[in-house]
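A.B. asks: Quick one: the structure is below, and I'll ask about it shortly.
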Amino acid sequence: MDQLWSALSLQIPKIINGALITIVAALIGMALAMIFAIPAGLGRLSRQPAIRGACTFYVEVVRGTPLLLQLFIWYFGVSIVLLTLFNFNADIALYNLLTALNSNNLYNQLPPNIGPAIFFGVIGIAFNYGAYLAEIIRAGVLAVDQGQTEASLTLGLSRFQTMRHIVLPQALRIMIPPITNNFITLVQDTAFLQVLAVPELSLATQGIAQETNSNLIRWEFFVVELAIYFIICYSLALVSQRIERRNASGIRPRRGALAALAFARRPR
Amino acid sequence: MRNFSRLRSIGISAVLIIIFVFIAMIFIGALDKSQVCAGSKTLAQVEACRAENILAPGNLLSHNWHFIQSTVTAFISGTDSNGIPYHSYFLKGLGLTVEFCFIAMPLAILLGLVLALMSRSKFDILRIPARAFVEFFRNTPLLVQLVAIYTGLAFLPSSFLNPFTAGVATLVLNYGAYECENLRAGIEAIDRGQGEAAATLGLRRVQTLRLIEIPQMIPIVLPPVLNDLIYMYKDSSILSLITIQELTAQTQGLARQHQALAWQFYIIGGIIYLLLSLPLGRLARVVEARIKSLKFNTKLDTTTIAIEVLVAAIVVSIIAGLLVNGFSLSNIGNSLASVFFSIALAIVLTASVAAVLGGIAYLISRLLRLVRGAGKGNRSAGGPPAKESGDGDVAVAAALSSSDL
């Protein structure tokens, strides 16, 4: 018991650091994903076939290929293209970004040359989740009763105003639980950043676990790691459930639309 | 007037399409140019390469043509230094990916069925472990589970724990938890009266399940299960982290070995993934739209057919594995043995994880009950005696069994 505790207490700072990187990457990734998702989701509802086609292409291609492959493409492909063509160095970009945010000490805590991995890893995850969220946004907008749109158009509102004041506020309430679910899966998928050597929670713990020879201590680290993930995700899941239950009595989505939402929902 | 507005919308579409195609061409041209630049040796060549204007129509077209041509030739006729064609690597990877999906998914469905029945049981000793198992596997990353099982259990004999069995067992455990939720939703959708009527007619529990409940569940659960199969197809890419040479690993390996063709390989790999996942997704949607209006032949034994389909999937996976490795007596024996060992590993892991987590969850639920009961006792000491409205056990059970995540 003493041995277990001494092994753990030495490594707690590393684990906490990893957990912080996981949480920050998940938050930034989610924000970026929404930036990808909103135009793509609304674009899929556009009347213009070219815009619709382009957005469908993005959503289908990204949803049809694994995240791991996409991360490899971002890190080993896109970053090299940008480096050779525009001399864009993500490490310097990250450094400048953190300087602008007045938090340079954060950069010093990271391992050297990790900039491109974090930069393109987070963008890759956001690009991937943008497609899933776009489907949710589309399904949410479709779930709002058609009569609402017709009524507001009859009252003389423009299509933009209808979207902005009538449809989106109602759609948002339907979209919040599946978006929260996707956030849960995004937190879990930040574990993929370990393939780019970003020292987030799972890679940090793995590194520590592989240093020991004792199976018991190794499992101790895995249990701690899994428990941290479980606490983050399960609390988010409880929040999502509560929102869903509170919303259940609110607006009534159109028939069949909920099935579409369930389809857009990612199982993990 | 009407004609005019139609013409205008066609015109806008045409302009947009041209803009999109132009953007795509610039993107591909930039890829090709960066490959050419990376291939050039001296500094002067690099400078000249960088100075080339990608937006000039001639350059753009030639770069695009070069890129498409090199992608197609790399897939069709390209060979590595040993004379092995590139497409054989991709096909090998695809075979392994399909093998993993088709062996893990049927097992996951069976595990999900067991867990779903357990979590609907009225006995705590069955329900709480099942709920704890499901919530644990749904709320932790698949990647971490895989690494924990593979490196954490490395002390087991290598025939019992190798990359294959660890990968299959992790996929089964993780997806079993998700299938449990799907199947539970399916069971709950069936009218309770059906089960009661069957019981009145004298059917036993197993008979009710086989003859009444499962045939009605299948149309409800088929679309989400197909959907999960697509996710598993993509998620099996993480098996590349435990040295299994499936599609993503092959793509990444080729791209790493042949830097000059890296983008071509990534694009080929992506297209191969899309070739299976897009039709499967379309199929899931068609099934979802159609299946409720289909009339099932009640004389068919749907349950048996479903089990036959699952077994057939496992057989297909074994054959896919043999196609990858080549047919021979020892290969057949090996693959049968590895399937057997992965099923055994999955069962052992499920039982032990469910027991441990169930014990913890049971303890927590009892503790909560104790704490809440004490809190209520304190409150009621001063004021009027409070009515026991809900105890902690029920609250935890409700929290553990709430379905929608």
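A.B. asks: Using the structure shown, decide if A:Leu83 is without any contact (Cβ under 8 Å) to a residue 24 or more places away in the chain, over 30 Å from B:Leu275 (Cβ atoms), away from chain B (no Cβ under 13 Å) and open to solvent by 50 Å² or more (accessible area, probe 1.4 Å).
C.D. replies: Against the criterion (without any contact (Cβ under 8 Å) to a residue 24 or more places away in the chain, over 30 Å from B:Leu275 (Cβ atoms), away from chain B (no Cβ under 13 Å) and open to solvent by 50 Å² or more (accessible area, probe 1.4 Å)), A:Leu83 does not qualify.
A.B. asks: In segment B:309-327, what residues are more than 30 Å from B:Pro215 (Cα to Cα) and either among the basic types (Lys, Arg) or in contact (Cβ under 8 Å) with a residue 60 or more places away in the chain (or both)?
C.D. replies: B:Gly321, B:Leu323, B:Val324
A.B. asks: Is it true that some residue in segment B:78-94 is without any contact (Cβ under 8 Å) to a residue 40 or more places away in the chain, of a type in the set (Val, Ile, Thr) and surrounded by 13 or more Cβ atoms within 10 Å (Cβ to Cβ)?
C.D. replies: No, because not a single residue in segment B:78-94 is without any contact (Cβ under 8 Å) to a residue 40 or more places away in the chain, of a type in the set (Val, Ile, Thr) and surrounded by 13 or more Cβ atoms within 10 Å (Cβ to Cβ).
A.B. asks: Additional query: Look through segment A:188-201, keep the residues that are at the interface with another protein chain (Cβ under 8 Å from one of its Cβ atoms) and open to solvent by 10 Å² or more (accessible area, probe 1.4 Å), and return whichever of them is farthest from B:Val147 (Cα to Cα).
C.D. replies: A:Asp189
A.B. asks: So, one more: Could you say which residue among B:Ala346, B:Ala354 is at pLDDT 85 or above, crowded, with 17+ Cβ neighbours inside 10 Å and farther than 28 Å from B:Leu247 by Cβ?
C.D. replies: B:Ala354
A.B. asks: Does B:Gln245 satisfy being open to solvent by 60 Å² or more (accessible area, probe 1.4 Å) and in contact (Cβ under 8 Å) with a residue 24 or more places away in the chain?
C.D. replies: yes
A.B. asks: Let me ask something else about it. Across segment B:22-60, what is the total count of residues that are more than 12 Å from chain A (Cβ to nearest Cβ), in contact with a helix residue (DSSP H, G or I) (Cβ under 8 Å, 6 or more places away or on another chain) and in a helix (DSSP H, G or I)?
C.D. replies: Of the residues in segment B:22-60, 3 are more than 12 Å from chain A (Cβ to nearest Cβ), in contact with a helix residue (DSSP H, G or I) (Cβ under 8 Å, 6 or more places away or on another chain) and in a helix (DSSP H, G or I).
A.B. asks: Which condition does B:Arg210 not pass, out of (1) within 29 Å of B:Gln69 (Cβ to Cβ); (2) in a helix (DSSP H, G or I); (3) open to solvent by 30 Å² or more (accessible area, probe 1.4 Å), if it passes all the others?
C.D. replies: Of everything listed in (1) within 29 Å of B:Gln69 (Cβ to Cβ); (2) in a helix (DSSP H, G or I); (3) open to solvent by 30 Å² or more (accessible area, probe 1.4 Å), B:Arg210 misses just condition (1).
A.B. asks: From B:Ile230, B:Ile271, B:Ile291, which residue is of a type outside the set (S, T, N, Q), modelled with pLDDT under 85 and surrounded by 14 or more Cβ atoms within 10 Å (Cβ to Cβ)?
C.D. replies: Matching residue, one of B:Ile230, B:Ile271, B:Ile291: B:Ile291.
A.B. asks: List the residue pairs whose Cβ atoms are under 6 Å apart, where the first residue sits in segment A:202-219 and is facing another protein chain (nearest Cβ under 7 Å), the second is open to solvent by 20 Å² or more (accessible area, probe 1.4 Å) and β-branched (Val, Ile, Thr), and the two are 6 or more positions apart or on different chains.
C.D. replies: A:Arg218/A:Thr212
A.B. asks: I would also like to ask the following. Suppose we filter B:Ile230, B:Ile267, B:Ile218, B:Ile238 for residues that are away from chain A (no Cβ under 14 Å) and in contact with a helix residue (DSSP H, G or I) (Cβ under 7 Å, 6 or more places away or on another chain); which single one remains?
C.D. replies: B:Ile218
A.B. asks: Filter segment A:225-252 for residues that are at pLDDT below 70 and either facing chain B (nearest Cβ under 7 Å) or open to solvent by 40 Å² or more (accessible area, probe 1.4 Å) (or both) and give the result.
C.D. replies: A:Ala248, A:Ser249, A:Ile251, A:Arg252
A.B. asks: So which residues in segment A:103-115 are in a loop (DSSP other than H, G, I, E, B) and more than 22 Å from the chain's Cα centre (by Cα), if there are any at all?
C.D. replies: Across segment A:103-115, the qualifying residues are A:Ser103, A:Pro111, A:Pro112, A:Asn113.
The values are calculated or read from the model by the stated rules, or taken from the named source; none is laboratory data. Quick caveat: nothing in here was measured; it's all calculated off a predicted structure. Note: ideal-geometry Cβ built from the backbone for every residue, glycine included; neighbour counts use all protein chains shown. Surface accessibility is based on the protein's heavy atoms, side chains included, excluding ligands, DNA and RNA. Shrake-Rupley method; radii C 1.70, N 1.55, O 1.52, S 1.80 Å.
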